Amino acid sequence: MKKKLDKIAKNTNSFLLKFLKNQKKTDLIKPIKYSLFPGGKKIRSKIIIDIGKIFKVNYSQLIQVGAAVECIHAYSLIHDDLPCMDNDNMRRGKLSTHRKFGESTAILAGNSLLTLAFEILSSKNLNINEKSKVELIKKISECSGHSGIAGGQYSDLNFEKKKIPLHKIINMQIEKTGKLFSFCCMASLIIKNKNKYLLKFDKIGSDIGLLFQIADDIIDYKGNSKQAGKKTKKDQKKGKATLIKLLGYKNTIKFGNKLKMSIFKKLNMFGDKSKDLKETINFILERTK
């Protein structure tokens, strides 16, 4: 699994470095690169590759789509760490972007990364038909804005120190984390015009994203800050609305395992073609950082 992730990370970062090299040189390139590289594990890009394998999508096309997703993800992390949001000083084992460059620069770098994703998807170098490009941009916009990441972050902050029911916590975590995973799961279908599977993989993506968030919350609850590369045990201090807070640690583990089996059941129709995706899902739930 590590070798596969490392290969995708290398290819994605190579594409992003080349893409940035062709950009106009501005003062924001430095904080943009700081936020993007070396980057995380590229799990979202791995899911794009895994589903692309099921539907036989060109690898280089998938890397470009993954690069756009990594820009969106990096933007969301920069803003998530800001003092007015979750106020985190560390990210991926180094100072968060606002601690390194200042708040205003971090906000502008985050905004630039968001728009950079759209530049990548609309580029003539992404060799897919124009209709598919427009649909990819539409979907990633929906997953990033008020009905996705931004809306989920709003709810996450608004729910602090409040008693929130299960369905609202799940909906918040799907918006904040799951929607971008939904895009990752739908991207190959959009490229290949496999519309009959879109709703199925939209739901699978939401479930994978929820699983990812559950694993994140477990890491915060039980993990080590040095190993995680960020401060842990902060959710309880801030009164975050999490499944662990509502259900307890053991029941959240059970919830996660049940959710994983539900995802696997949906993938069984693809047989061995879904082997890599199932491997990635197992990795998501079992990761320690």
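The values are calculated or read from the model by the stated rules, or taken from the named source; none is laboratory data. Not measured: the values here are computed from a predicted model. A quick note on method: Cβ atoms are made from the backbone with ideal geometry, for glycine too, and the neighbour counts reach across all protein chains shown.
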(message) Quick check on region 135-149: of everything there that is surrounded by 17 or more Cβ atoms within 10 Å (Cβ to Cβ) and not β-branched (V, I, T), which residue is farthest from S122 (Cα to Cα)?
(response) G148
(message) Any residue in region 34-48 that is under 20 Å from K18 (Cα atoms) sitting within a Cβ distance under 7 Å of a residue that is in a loop (DSSP other than H, G, I, E, B)? List the pairs, counting only those 6 or more apart or interchain.
(response) G40/R92
(message) When the residues of region 206-223 are narrowed to those that are in contact (Cβ under 8 Å) with a residue 40 or more places away in the chain and out of contact with any Leu (no Cβ under 8 Å at 6 or more places or on another chain), which ends up farthest from T177 (Cα to Cα)?
(response) G223
(request) Please work out if K53 is assigned to a helix (DSSP H, G or I), surrounded by fewer than 23 Cβ atoms within 10 Å (Cβ to Cβ), among the basic types (K, R) and in contact with a strand residue (DSSP E or B) (Cβ under 9 Å, 6 or more places away or on another chain). (result) no
(request) Would you check which residues across region 83-132 are among the hydrophobic types (A, V, I, L, M, F, W, C), closer than 16 Å to G229 by Cα and modelled with pLDDT of 95 or more and list them? (result) L95
(message) Please pick out the residue among I214, I218 that is closer than 24 Å to K41 by Cα and buried (at least 22 other Cβ atoms within 10 Å of the Cβ).
(response) I214
(request) Please enumerate the residues belonging to region 143-175 that are touching a residue at least 40 places away in the same chain (Cβ under 8 Å) and within 30 Å of Y59 (Cβ to Cβ). (result) C143, S144, I149
(request) Hey, can you tell me all the residues within region 6-27 that are buried (at least 18 other Cβ atoms within 10 Å of the Cβ) and either closer than 25 Å to S104 by Cα or in contact (Cβ under 8 Å) with a residue 40 or more places away in the chain (or both)? (result) I8, N11, T12, F15, L16, F19
(message) Restricting to region 224-244, and then to whatever is crowded, with 18+ Cβ neighbours inside 10 Å and either modelled with pLDDT under 90 or not small (G, A, S) (or both), can you tell me which residue is farthest from K162 (Cα to Cα)?
(response) A228
(request) Out of I164, I170, report the one residue that is assigned to a loop (DSSP other than H, G, I, E, B), of a type in the set (V, I, T) and under 26 Å from K231 (Cα atoms). (result) I164
